[in-house]
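A.B. asks: Structure in structure tokens, see below.
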Amino acid sequence: MLPFPPALLLFFGGATALLAFGGFTLYMRLFFGMRKRGKRIVATVTKINMEYALLARGRNATSFFLHAEWEDPATHKVYHFKSGAGDVNLPINHPPGSTIDVLIDPRNPRRYKMLL
């Protein structure tokens, strides 16, 4: 007897595929929605983090993360932003103290997309 019936494997495989497709669809809706309806602001780069990641077979990779902040002129609240992983050109193109464009959701500035 098989440890799992084929119908059970088919059910769990289909459910996993639907969840993966749904997550991808949600991510794309949020990403493209932000590009359409997001408010463009100018934030100031505060620092750049460099992280090393160990890959398979002893190889490594270096990723750079940009940190920026922006003060809302209406509420005087300061928001902090962190970019996704970037390459070696990120610190060259955006040194600390420079400005960078950020798309924010006007209703919730914690939802953002940094334009690198």
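A.B. asks: Counting Lys +1, Arg +1, Asp -1, Glu -1, what net charge surrounds GLU69 among other residues with beta carbon under 15 Å of its beta carbon?
C.D. replies: With Lys, Arg at +1 and Asp, Glu at -1, the net is +1.
A.B. asks: A further question on this structure: At most 16 other Cβ atoms within 10 Å plus a DSSP loop assignment makes a site exposed; report the longest stretch of the chain without any exposed trypsin sites (Lys or Arg not before Pro).
C.D. replies: 1-58
A.B. asks: Please give the net charge around ILE104, taking every other residue with its beta carbon less than 10 angstrom from that of ILE104, where Lys and Arg add +1 and Asp and Glu add -1.
C.D. replies: +4
A.B. asks: Could you name the lysines whose alpha carbon sits less than 16 Å from that of LYS82, not counting residues in the same chain fewer than 8 places away?
C.D. replies: LYS47, LYS113
A.B. asks: Now for a separate question. Straight distance only, please: which aspartates and glutamates reach the Cα of LYS39 with their own Cα at less than 17 Å, same-chain residues fewer than 8 apart left out?
C.D. replies: GLU69, GLU71, ASP72, ASP101, ASP105
A.B. asks: Same structure again: Which one, LEU90, LEU66, LEU18, has the greatest fluctuation when you compute a Gaussian network model over the chain with C-alpha springs under 10 angstrom?
C.D. replies: Highest fluctuation of the listed residues: LEU18.
A.B. asks: Based only on other Cβ atoms within 10 Å, what is the fewest-to-most ordering of SER83, SER63, SER98?
C.D. replies: Arranged by neighbour count, lowest to highest, SER83, SER63, SER98 become SER98, SER63, SER83.
A.B. asks: Right, here's the next one. R0 = 41 Å: FRET efficiency of THR62 with LEU8, Cβ-based, nearest 0.05?
C.D. replies: Taking R0 as 41 Å, the efficiency between THR62 and LEU8 is 0.40.
A.B. asks: What label, among [x] 93; [y] 350; [z] 156, belongs to volume of the Cα convex hull per residue in Å³ computed from the structure on display?
C.D. replies: Structure-derived value, by its label: [z].
A.B. asks: Additional query: Give the order of HIS67, HIS80, HIS94 when sorted by the count of other beta carbons within 10 angstrom, beginning with the fewest.
C.D. replies: Fewest-to-most Cβ neighbours within 10 Å comes out as HIS80, HIS67, HIS94.
A.B. asks: Follow-up question, since we're still on this one. Please find the FRET efficiency linking HIS76 to ARG40, where r is the Cβ-Cβ separation and R0 is fixed at 25 Å, and quote it to the nearest 0.05.
C.D. replies: Taking R0 as 25 Å, the efficiency between HIS76 and ARG40 is 0.80.
A.B. asks: So, one more: Tell me the relative contact order for the chain as a rounded percent, counting alpha carbon contacts under 8 Å between residues six or more apart.
C.D. replies: 26 percent
A.B. asks: Using Cα atoms only, what is the angle between the long axis of helix 6-37 and the major principal axis of the chain, expressed in degrees (0 to 90) to the nearest 10?
C.D. replies: 20 degrees
Taken together, the values in this text are just the output of simple stated rules run on the coordinates, not laboratory data. Keep in mind it's a predicted model, so treat the numbers as computed, not measured. Reconstructed Cβ throughout: ideal geometry from the backbone, glycine too, with neighbour counts over all protein chains shown.
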